[in-house]
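Worksheet: one structure, shown below.
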Amino acid sequence: MRQLTLKPIIRYALIILLIIIISGLIFIQFTNNYIVVVLVLLTEYLILMMMLHYVFDKYVKPIKKATDTLDELVKGNFSARMHHPVTGSMASLLMKINKLARSLSELSFNEKIHAEQLSTVIENIQSGLILVDEKGYIHLVNKNFLHIFGKTEKDYVGYLYYDVLENDTLHKTIQQTFLYEQNVKDSIIISNQTKQYFEVIGAPIFDDRNMLKGGILVLYDITELKKLERMRKDFVANVSHELKTPITSIRGFSETLLEEDINDKDTARHFLSIINEESKRLQMLIQDLLTLSRLEKEDSQVRLSKVNLIKIIEEVIQVLNIHLEQKEIAFKVNVPKELIFMAELTSVKQIMINLLENAIHYTPKGGEVRIHAVDEEEFIHIIVKDTGIGIPAESLSRIFERFYRVDKARSRNTGGTGLGLAIVKHIVELHQGKIEVESEVDVGTTFHIYFPK
Ligand SMILES: Nc1ncnc2c1ncn2[C@@H]1O[C@H](COP(=O)(O)OP(=O)(O)O)[C@@H](O)[C@H]1O
Ligand SMILES: [Mg+2]
């Protein structure tokens, strides 16, 4: 920089020196008075030097500064500005350079913000994402993608996708995206500790001339969806299975009755009673299925009214009394008469029937069933306790599932639909309450229900 400034100065100084020497030589022709010559030359020198200084300060220096500022801007330092006291056209140049610098710095700031926003979105998106250029090099992988495959960015970025992606379906999806230049869908299963299902979507990226520039691959977690789909399939299979047994039995016995000449009245009666029992079972099953489907309707709402628990228990026990007597089970109720809370009447009745039916069902002859209710601060707490066969610990978390039975063979014979507790849980949850169970095999089972007040 110093060199650049010095060069013109030396050049101009030499020119001035030349002018002075020439004018000195001319002057000396006209006069012999050396003092006058020296004085004139000195004045001439001073005037020329002042002119040089003026030109230098007014034009050369600002241009130099402008060049330096532009150099800084080119290098990416958008905070560089030009400062020089100038007027006229130079002042307008200075203003324009500073304006350019300001626009550039604003532009780069906005660009930075956009880039930051984009990377925040990419990083926080729930799906795995990977960006590949048209040659197949990976440019970007987001956090979720790394999480799915348990690797780091260094394992992917800068490599060809077919060298570092282990899954063949991912290769195929990228290849087809590039080949057909349109979105391609597939799915993969990844087994780490658990099985995870992903929908894989490949999407091509084009530039403004519609040329393929690369593609993105998105891995969307559909494990939950798969689970729901499985549950739905299982449910349909279970319902069909539950329906099949009584229908087969009804058909078999009625065909026998129709086709064979059964003279023995007792045998005929026996067959008819089986048909009767099985049709009752069918009716119960359909009833429970309808109840579940009603509870599951999205707009299903509970119609709250004042419910008196002791009245409900009295009603329910009239229906169940016959079973209590048959099995000689002692039934004890400890519920305050004035216990009234807001709930759906038919639903509370259904809960009590289902729980008491189970308690009686799974309690051997001579046992005991107790109902206890307490008005707690936030909840009405209802306890149904029996001294029955109990539920093994490993089954406790599953008994609220549809059609789950601890002892499959035995329970089906005892007549339950396998839906009783699923219905109870559903109703309790619709009331924003909760249900808990504790049990010990051969000691008994206790259900706790909490209705919010
Ligand atoms: N009080 C209880 N004591 C022992 N086991 C029970 C009790 N209540 C429920 N269970 C177990 O939970 C399973 C599911 O109950 P539930 O949904 O009412 O179906 P179901 O009674 O029709 O079999 C029952 O099959 C039984 O194994
Ligand atoms: Mg039951």
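The values are calculated or read from the model by the stated rules, or taken from the named source; none is laboratory data. No experiment lies behind these values; they were computed from the predicted model shown. When we count neighbours, we look across all protein chains shown, and the Cβ atoms used for this are built from the backbone with ideal geometry, even at glycine. Protein only, heavy atoms only, side chains kept; ligands, DNA and RNA dropped before computing areas. Shrake-Rupley method; radii C 1.70, N 1.55, O 1.52, S 1.80 Å.
Taking 45 Å as R0, compute the FRET efficiency from the Cβ-Cβ separation of Gln117 and Asp442 and round it to 0.05.
Details: r = 64 Å, r/R0 = 1.41.
Taking R0 as 45 Å, the efficiency between Gln117 and Asp442 is 0.10.
State whether the stretch 125-221 is rounded, prolate or oblate according to the following rule on the C-alpha gyration tensor (a ≥ b ≥ c being the square roots of its eigenvalues): a/c under 1.5 gives rounded; otherwise a/b larger than b/c gives prolate, and the remaining case gives oblate.
Prolate is the answer for the stretch 125-221, as a/c is 1.5 or above and a/b outweighs b/c.
Rounded to whole Hz and in sequence order, give me ³J(HN,Hα) for the stretch 44-55 from the Karplus expression 6.51 cos²θ - 1.76 cosθ + 1.60, θ = phi - 60°, writing x for Gly and Pro.
4, 4, 4, 4, 4, 5, 5, 5, 4, 4, 4, 4
If the cut-off is 20 Å between C-alpha atoms, which aspartates and glutamates fall inside it for Lys64, apart from same-chain ones fewer than 8 positions away?
Hits, sequence-local ones excluded: Glu72.
If the cut-off is 16 Å between C-alpha atoms, which aspartates and glutamates fall inside it for Lys213, apart from same-chain ones fewer than 8 positions away?
Those aspartates and glutamates meeting the cut-off are Asp133, Glu134, Glu181.
Taking 0.36 nm per intervening residue step and subtracting the Cα-Cα distance, what contour gain separates Met342 from Leu396 on full extension?
Length difference between fully extended and current span is 16.5 nm.
Write down the accessible area per residue of the stretch 296-381 in Å², having rolled a 1.4 Å probe over the full set of protein chains.
Heavy-atom SASA per residue in the stretch 296-381 reads 61 Å².
In sequence order, what are the phi-derived ³J(HN,Hα) couplings for the stretch 85-93 according to the Karplus relation 6.51 cos²θ - 1.76 cosθ + 1.60 with θ = phi - 60°, rounded to whole Hz, with x for glycine and proline?
x, 10, 10, x, 5, 5, 5, 5, 4
Compute the distance in nm between two label points, each set 7 Å from the Cα along the Cα-to-Cβ direction, one at Lys172 and one at Lys213.
3.0 nm
Pairs of Cα atoms under 8 Å, at least six residues apart: use those to get the relative contact order of the chain, whole percent.
Computed value for the chain: 8 percent relative contact order.
Round to the nearest 10 and give me the degree value, 0 to 90, for the angle of helix 265-296's Cα axis relative to the longest principal axis of the chain.
30 degrees
Past 27 Å, Cα to Cα, is the threshold; run Lys143/Lys227; Lys112/Lys185; Lys7/Lys99 against it and keep the listed order.
Where the Cα-Cα span goes over 27 Å, the pairs concerned are Lys112/Lys185; Lys7/Lys99.
Give me the percent of accessible area attributable to carbon and sulfur for the chain, probe 1.4 angstrom.
So the carbon and sulfur contribution to the accessible surface is 58 percent.
Would you calculate the volume per residue, in Å³, of the smallest convex hull containing every Cα atom of the stretch 60-163?
Dividing the Cα hull volume of the stretch 60-163 by its residues yields 133 Å³.
Straight-line reach from Lys280: which lysines have a Cα under 18 Å away, not including same-chain ones fewer than 8 places off?
Lys244
Which one, Ser105, Ile15, Gly88, projects farthest toward the positive side of the charge dipole computed for the stretch 6-123 from Cβ point charges (K/R +1, D/E -1)?
Ile15
Residues with amide H under 5 Å of Ile329's amide H, sequence separation 5 or more or different chain, H placed in the peptide plane at 1.01 Å from N; which?
Gly366
Does the chain come out rounded, prolate or oblate, given a ≥ b ≥ c as the square roots of the eigenvalues of its C-alpha gyration tensor, rounded meaning a/c under 1.5 and, failing that, prolate meaning a/b above b/c?
Prolate is the answer for the chain, as a/c is 1.5 or above and a/b outweighs b/c.
If you look at just the Cα atoms of the stretch 2-109, how large are its Rg and its Dmax in Å?
In order Rg, Dmax, the Cα atoms of the stretch 2-109 give 21.0, 73 Å.
Could you give the size of the charge dipole of the stretch 356-417 about its Cα centre, using +1 on the Cβ of each K and R and -1 on the Cβ of each D and E, expressed in debye and rounded to the nearest 20?
Here the stretch 356-417 has a charge dipole of around 640 debye.
Which angle between 0 and 90 degrees, to the nearest 10, do you get for helix 420-430 versus the longest principal axis of the chain when only C-alpha atoms count?
Approximately 50 degrees, to the nearest 10.
Assign one of three labels to the stretch 307-351, namely rounded, prolate or oblate, based on the Cα gyration tensor with a ≥ b ≥ c the square roots of its eigenvalues; rounded applies when a/c is under 1.5, prolate when it is not and a/b is larger than b/c, and oblate otherwise.
Since a/c reaches 1.5 but b/c is at least a/b, the shape of the stretch 307-351 is classed as oblate.
According to the Kirkwood expression over distinct Cα-Cα pairs, how big is the hydrodynamic radius of the stretch 295-453, in Å?
The Cα-based Kirkwood calculation yields 16.0 Å.
Taking only DSSP H segments of four or more residues, each worth -39500 (n - 2.57), what value at 222 nm results for the chain once the sum is divided by all its residues, to the nearest 500 deg cm²/dmol?
Details: 14 runs with 251 residues, N = 453.
Computed ellipticity for the chain at 222 nm equals -18500 deg cm²/dmol.
Using θ = phi - 60° and the Karplus curve 6.51 cos²θ - 1.76 cosθ + 1.60, what whole-Hz ³J(HN,Hα) does each residue of the stretch 222-233 get, with Gly and Pro shown as x?
Working through the residues one at a time gives 10, 4, 4, 4, 4, 4, 4, 4, 4, 4, 5, 5 Hz.
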